[in-house]
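*Asks:* Quick one: the structure is below, and I'll ask about it shortly.
Since every read-out is calculated from the coordinates, none of them should be taken as a lab result. Just so it is clear, the structure is predicted and the values come from calculations on it, not from any experiment. Positions of Cβ are generated from backbone atoms using ideal geometry, with glycine treated the same way; all protein chains shown enter the neighbour counts.
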Amino acid sequence: MISIVERQDCLKSCRLFSGMAASAVRLLAESMEAEYFAAMEAVCSHGEEADRLYVVQAGRLAVFLPGEEAPVQYLTAGDIFGEYGMFIGARLATVRAEEESILLSLGYERGRAFFLAQPAALMELLAVAVRRLRVAEERLQSERRQ
């Protein structure tokens, strides 16, 4: 069981939530569920309906794009994923635990309400998504040049 204080500490280590007031971080921590994944267990799969975003509390996860056998990214403590699904509804990648991992999850309904009440966090969430899109675009351009 992950305590509220441990959840708060995890959220404070995440760039997305690090600048928020302590009261907002506590509210968010209370709204999130801890989920446990064994090594090599899939957290989510490309194409499935998305219903929550995740913050990595502990462990290491690999992100796979469709058709790719090698991970395109690794996620560790403080990283967030699943934010795209809040806007488009489907998972764009498969995420698999590389080792035992603990994730904090937030259902999209609660997430939307939280982000609407915390505009600075919403802007940072959008910045995370834009940075990921930029990396994907650069990767695609690089592949086209080869």
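*Asks:* Got at least one residue in the range 118-131 being under 19 Å from Phe37 (Cα atoms) and touching a Leu at 6+ places or on another chain (Cβ under 9 Å)? Give the derivation first.
*Replies:* Residues of the range 118-131 that are under 19 Å from Phe37 (Cα atoms), as a first pass: none.
Taking every residue of the range 118-131 in turn, none turns out to be under 19 Å from Phe37 (Cα atoms) and touching a Leu at 6+ places or on another chain (Cβ under 9 Å).
*Asks:* Moving to a separate point now. Report, by residue number, each residue of the range 27-46 that is more than 16 Å from the chain's Cα centre (by Cα) and either polar (S, T, N, Q) or within 23 Å of Ala127 (Cα to Cα) (or both). Full working, then the answer.
*Replies:* First, pick out the residues of the range 27-46 that are more than 16 Å from the chain's Cα centre (by Cα): 27, 30, 38-41.
Passing the criteria: only Leu27.
*Asks:* Inspect the range 117-130 for any residue being more than 14 Å from the chain's Cα centre (by Cα), buried (at least 17 other Cβ atoms within 10 Å of the Cβ), in a helix (DSSP H, G or I) and without any contact (Cβ under 8 Å) to a residue 60 or more places away in the chain and give the result as yes or no.
*Replies:* no
One line per residue, one yes/no per condition, for (1) aliphatic (A, V, I, L, M); (2) at negative phi; (3) in contact with a helix residue (DSSP H, G or I) (Cβ under 7 Å, 6 or more places away or on another chain):
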site: Leu65; (1), (2), (3): yes, yes, no
site: Val72; (1), (2), (3): yes, yes, no
site: Ser105; (1), (2), (3): no, yes, no
site: Phe115; (1), (2), (3): no, yes, yes
site: Ala127; (1), (2), (3): yes, yes, no
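*Asks:* Just one of Ala24, Ala50 is hydrophobic (A, V, I, L, M, F, W, C), within 14 Å of the chain's Cα centre (by Cα) and within 19 Å of Tyr108 (Cβ to Cβ); which is it?
*Replies:* Working: Ala24 fails: within 14 Å of the chain's Cα centre (by Cα).
From the options Ala24, Ala50, the qualifying one is Ala50.
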